[in-house]
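*Asks:* Shown below is the structure under consideration.
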Amino acid sequence: MPVNKNLLIKNNLYSGVRAVIVASQSGVENYYYSEARGDRYYYSITGSTQSPILETVNFNAYLSFTMSGAVTYELKMIPMAKGDTCFLNMSCTAINSSGSKGYLSKVFGGFRHTGSALTIIGSSIDYQTKTDFTSAVGVSFSASGTQSVRMVLTGQAAEVIDWDIYVNYTKGYHTLISGSTASKIDPWYPPPPTS
């Protein structure tokens, strides 16, 4: 019986990579630059001269900022394109300026992109939350049009809240089934090694 071997999976670590996360509050845009690390998984056809194509990455980074009052802060976290999926496994912590109130949330869920819609997988994101604040303070994830996964943070009146966001997600490009090329790779992931 003949045996075909036509894929070679490569794992390439990356670190010190800068992610740009755009946030908006009351019509003001803020840009956060966060150093990140993770793994990239490429495939290439064995014996082919074609460049390796990115199949999936995991991404680990950190964000910190302060918000004042009952405001909403929106961050475009993960750019998405047709055929992409993302798996969220994030942690969020917050504390008020006096240290008398705190907030914790563990986020689990994901999104898929059909080309015309960016949709939550399984219709909901799971949040495990502990809080000393009113129900107004919190974190949620939703689609920002069809372009990206958005994280929304909500503050509370008369409170100055400092947030620490531990960013951890895996993004799948699914190039094995879509046949797309590496041209859609988001810019913060370094190119594959040339050797």
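Values quoted throughout were computed directly from the atomic coordinates according to the rules given, and no laboratory measurement underlies them. Computed from a prediction, not measured in an experiment: that's the story for all the values here. Here Cβ is always computed from backbone atoms with ideal geometry, including for glycine, and neighbour counts include all displayed protein chains.
*Asks:* Could you pull out every residue, at least 5 positions away or on a different chain, whose amide H is within less than 5 Å of the one on Asp84? Hs are placed 1.01 Å off N in the peptide plane, and Pro or chain starts have none.
*Replies:* His113
*Asks:* Name the residues whose placed amide hydrogens come within less than 5 Å of the amide hydrogen of Ser148, ignoring near sequence neighbours (fewer than 5 apart) on the same chain.
*Replies:* Here the answer is Met80, since their amide H atoms fall under 5 Å of that of Ser148.
*Asks:* Hey, what do the phi angles of the stretch 95-112 turn into as Karplus ³J(HN,Hα) couplings, whole Hz, using 6.51/-1.76/1.60 and θ = phi - 60°, x for Gly and Pro?
*Replies:* Going residue by residue, I get 8, 7, 5, 8, x, 8, 9, x, 8, 9, 8, 10, 10, 9, x, x, 9, 9 Hz, with x marking Gly and Pro.
*Asks:* Also, quick follow-up: Karplus couplings for the stretch 79-87 from phi (6.51 cos²θ - 1.76 cosθ + 1.60, θ = phi - 60°), rounded to Hz, Gly and Pro as x?
*Replies:* Working through the residues one at a time gives x, 10, 9, 3, x, 7, 10, 9, 10 Hz.
*Asks:* Could you please rank Ser51, Ser91, placing first whichever residue has the fewest other Cβ atoms within 10 Å of its Cβ?
*Replies:* By the 10 Å Cβ count, ascending: Ser51, Ser91.
*Asks:* Taking θ as phi - 60°, what are the ³J(HN,Hα) couplings along the stretch 162-172 by the Karplus curve (6.51, -1.76, 1.60), each to the nearest whole Hz, with x for Gly and Pro?
*Replies:* 9, 10, 10, 10, 9, 7, 8, 8, 10, 10, x
*Asks:* Same structure, new question: Tell me which aspartates and glutamates have Cα within less than 17 Å of Lys82's Cα, excluding those fewer than 8 residues away on the same chain?
*Replies:* Within reach: Glu55, Asp186.
*Asks:* For the residues Ile21, Ile165, Ile120, what sequence is obtained by ranking on other C-beta atoms within 10 Å, fewest first?
*Replies:* In increasing order of surrounding Cβ atoms, one gets Ile120, Ile21, Ile165.
*Asks:* So if each residue of separation counts as 0.36 nm, and I subtract the Cα-Cα distance between Ser68 and Ser15, what length gain in nm does that give?
*Replies:* Answer, rounded to one decimal: 15.8 nm.
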